[in-house]
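To start, the structure under review is shown below, and the notes come after it.
Readers should treat all values here as calculations from the given coordinates under stated rules, not as data from a laboratory. What you are looking at is a predicted structure, and each value in this text was computed from that prediction instead of being measured. Neighbour counts run over all protein chains shown; Cβ positions are idealised from the backbone, glycine included.
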Amino acid sequence: MPDEKKLMKYGLVVAAAIIVIRIILEQAGTPLMVNNVFGVAWLYFIMPVLFALAIAARGCARPYTTLLKDVALFGVYTRIMVAITYVLAYYLKWSAPRFSEGQGGTVGEGVTPLLGLLVVPLRNAIIWVLMAAILGMIIGSITLALKGKRPQGRIDPA
């Protein structure tokens, strides 16, 4: 199992690819149902499990603190990438539904430069980082607890 730093790096590369693919699909007019498959939020279910497995394999002295740091950093890094897309959407007036003013996005007649460039991307980032950390701690903690209760080595029935 790779260490958390490698997992973080690979996870962020996957997140960046997902973000780019989603933007391309949205701009091509792909249906919303397909676009939603390509969301960074899915990684908030997967990465905590991988982080927890790596932490358990390493035998970290403070596994839950390490897990919190990892899931929070992953949330911050991915949400910075997504926030950049919202800023680009404001500048380029992208038409994807998630960027529309009615959906809490940055494109619309009522969106000022302050809202489009700072407030909305920052608000979305803060909300999603908190959600990613909470979800990551729940999923990761369950994984750590289950991993810790497994018997180590081979059990001899005799």
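Brief remarks on what is shown
- Computed magnitude of the charge dipole of the chain (debye, nearest 20; Cβ of K, R +1, Cβ of D, E -1): 540 debye
- Pairs of Lys residues in the chain that lie 8 or more places apart, or on two chains, and have C-alpha atoms under 27 angstrom apart add up to 10.
- Summed side-chain charge close to N35 - residues other than N35 whose Cβ falls under 11 Å, Lys, Arg +1, Asp, Glu -1: +1
- Within the chain, the whole DSSP H helices whose Cα atoms reach 24 Å or more along their own axis and whose mean Kyte-Doolittle score is at least -0.5 are 4-27, 63-92, 120-149.
- R0 of 41 Å, Cβ-Cβ distance A61-I21: FRET efficiency to nearest 0.05: 0.60
- Once the gyration tensor of the Cα atoms in the chain is diagonalised, the equivalent ellipsoid follows with semi-axes of 37, 16, 12 Å, ordered largest first.
- Full-stretch length increase - Y77, L117 - with 0.36 nm per residue and alpha-carbon distance subtracted: 12.6 nm
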